[in-house]
Structures are given as C-alpha cells and as structure tokens.
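Student: Sharing a structure below in structure tokens format, with a few things to ask.
The values are calculated or read from the model by the stated rules, or taken from the named source; none is laboratory data. Please read all numbers here as calculations on a predicted model, not as lab measurements. As a convention, Cβ positions derive from the backbone with ideal geometry for all residues, glycine included, and neighbour counts pool all protein chains shown. To get the accessible areas, we keep the full protein, side chains included, count just its heavy atoms, and leave off ligands, DNA and RNA. Shrake-Rupley method; radii C 1.70, N 1.55, O 1.52, S 1.80 Å.
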Amino acid sequence: MKILVIEDNESVSSMIELFFEKEGIQGEFVKDGLEGYERAISGNWDCLIIDWMLPGMDGVTICRKLRRDDVAVPIIMLTAKDSESDQVLGLEMGADDYVTKPFSPLALMARIKAVTRRYAVAKEDRIDVDTLKTRHFTINTATREVLLDDKPVPNLTPKEFDLLHFFIQHPKQVFSREQLLDRVWGYDFYGDDRTVDVHIKRLRSKVSKADQPFFHTVWGIGYRFDETAGDAE
C-alpha cells in the first residue's frame, strides 16, 4: 500500500511513519499543503492522509481541489477541530473520513483499511457495470475499448462501437435495418438504411474471423449477431 501523508507536525508524522514501517506501508510525507496537493495529483496513491491546518494550502482546500480534479483516491482528514460543523465541512469537501487529534496509530489504521476497502469494492462494481464480456468480446463502455479474444480491436469509429455494443447486448436476435437505425442511430437520423449495410461491412472486416463472421445476414429481414461457430455468410 502506498500512502501520501500531508502533515506539518513533526511528531505526528514521525508516529505515523514508524507505524507504517511496522505495517509494511510505503509512506511519503510532505509538510507543505501546496506541495502536497501537487504530489497528490501526480502520484498513484492508495490513500491520502491530509491535515486540516497546513502552510501553503489548507487541507480542506486540497481536498476540494482534488475532488474537482476527479482524483478518485480515499482521503482521510486529520483535524484538531472536533466540532460537528467542522467535521461535516471536511466530508462535504470530499473527504471520506476524519480522525481527530490526538489519535492512536491503530485507530488511524482501522480508518485506512475501511476507506480503502470501500473504494476497492466500488471500483469492482464500476468495472462490472462498465465491462461487457462474451465468448469472444470484451467491451468497456467507459473507455470505449474493444477486445477480441483478449486482443485490442483498433480503429473502430464511434458508430461502429455503438453498433457492435448493441448487437452484443442482443445476441442471436434479428433486427431489420429500420430497427437498427432507430435503436443505434436514433429517430432523428436522416440517412437511409444503406448506412447500416456499410457499417456492418466495415465491422465484419475489423472483427470477423476466418471461421466466424459474427454478423449474419438474414435475407429479406436484416442482421443478427451470433458468436457460435457457423459458415461465413
């Protein structure tokens, strides 16, 4: 585990550093708030521990700026402020938890484990939502990346990606060109159904295998997507 600690109190930093060494945690310690913010956005951290009161930039501002920058890392605030309004402010600015000084290393470690565990579970949930896997394909809707038998499929246009994603969601179902125009292109599309034929032809050239075309023509109706082995169309 790699943790950045932004704390200007030497005794607090030393206590945390000794405990990290005992726990096998890789810690980096920064005293200045502005420097800490720059390290936070430039590094790959498992957790950030940020003191409320810091020179250069206070902890609440750091937290707010990191969340504005979409830095998705667990943040624990260290604060000598124990009023409910101060704690709420820290959480509203994007902190995941807070520890009030003075504190024990064991209490801090418990909070670190709790927030990192929550983030790990949330990350797995996002991957499950964003990723669609089939026998041959893996599609990530967040990054719009496609793998065919674990190898990247390059140079898909946005509409080719949308069409492939739609078919993979509806395996073996037959769709007419009009249905595909409505479902993939949208009702306000002003082209003709030959657009579908062109995109299917391009997709076949990019993803079809010698023994598996994936996209099958259903004569007189339209197309279906089938990953089971079959004769080329």
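Student: Per q in 0.12 Å⁻¹, report the Debye log10 I(q)/I(0) for the chain, using one uniform scatterer on each alpha carbon and no solvent.
Tutor: Cα-only, vacuum Debye calculation for the chain: -0.73.
Student: Please sort through the DSSP H helices of the chain and keep those with an alpha-carbon extent of at least 15 Å along the long axis and a Kyte-Doolittle average not below 0.0. Please report the intermediate quantities before stating the final value.
Tutor: On the way: long enough: 10-23 (20 Å, -0.02); 105-130 (37 Å, -0.13); 158-169 (17 Å, 0.11); 194-207 (20 Å, -0.61).
The answer, listed by residue number, is 158-169.
Student: Another question, then. Counting only DSSP beta bridges with both residues in the chain, what percent are antiparallel, rounded to the nearest 5?
Tutor: On the way: 17 of 34 bridges.
For the chain, the DSSP antiparallel bridge percentage is about 50.
Student: Please give the contour-minus-distance gain from residue 14 to residue 110: 0.36 nm per residue of separation, less the Cα-Cα distance, rounded to one decimal in nm.
Tutor: Numbers: separation 96, 0.36 × 96 = 34.56 nm, distance 1.84 nm.
Using 0.36 nm per residue and subtracting the Cα-Cα distance, I get 32.7 nm.
Student: So with the 1.4 Å probe, I'd like the accessible area per residue for the chain, rounded to whole Å². Walk me through the numbers before you get to the answer.
Tutor: Details: 13080 Å² over 233 residues.
With the other protein chains kept in place, the chain gives 56 Å² per residue.
Student: Sort 1-7, 149-155, 174-180 by packing, meaning the average of other beta carbons within 10 Å per residue, with the highest value first. If you can, show how the numbers build up before the last one.
Tutor: Working: 1-7: 20.1, 149-155: 10.3, 174-180: 16.0.
Highest to lowest by the protection proxy: 1-7, 174-180, 149-155.
Student: Any idea which of 108, 140, 13 is furthest toward the positive side of the dipole for the chain, if Lys and Arg beta-carbons carry +1 and Asp and Glu beta-carbons -1?
Tutor: Of the options given, the answer is 140.
Student: How much length would be gained if the chain were fully extended between residue 133 and residue 176, taking 0.36 nm per residue of separation minus their Cα-Cα distance, in nm to one decimal? Before the final figure, lay out each step's value.
Tutor: Working: separation 43, 0.36 × 43 = 15.48 nm, distance 2.47 nm.
13.0 nm is the gain from fully extending residue 133 to residue 176.
Student: Which shape class, rounded, prolate or oblate, goes with segment 8-52 when its Cα gyration tensor gives a ≥ b ≥ c as root eigenvalues, a/c under 1.5 marks rounded, and past that a/b bigger than b/c marks prolate?
Tutor: Values: a/c = 2.58, a/b = 1.27, b/c = 2.04.
Taking the square roots of the gyration eigenvalues as a ≥ b ≥ c, segment 8-52 is oblate.
Student: Fully extended, how many nm does the chain gain between residue 209 and residue 228 (0.36 nm per residue separation, minus their Cα-Cα distance)?
Tutor: Working: separation 19, 0.36 × 19 = 6.84 nm, distance 1.18 nm.
Extra length from residue 209 to residue 228 when fully extended: 5.7 nm.
Student: Let me ask you something else. Let me have the 222 nm mean residue ellipticity of the chain computed from DSSP H runs of 4+ only, each contributing -39500 (n - 2.57), with the sum over all residues rounded to the nearest 500. List each step's numbers first, then the result.
Tutor: Details: 8 runs with 99 residues, N = 233.
Computed ellipticity for the chain at 222 nm equals -13500 deg cm²/dmol.
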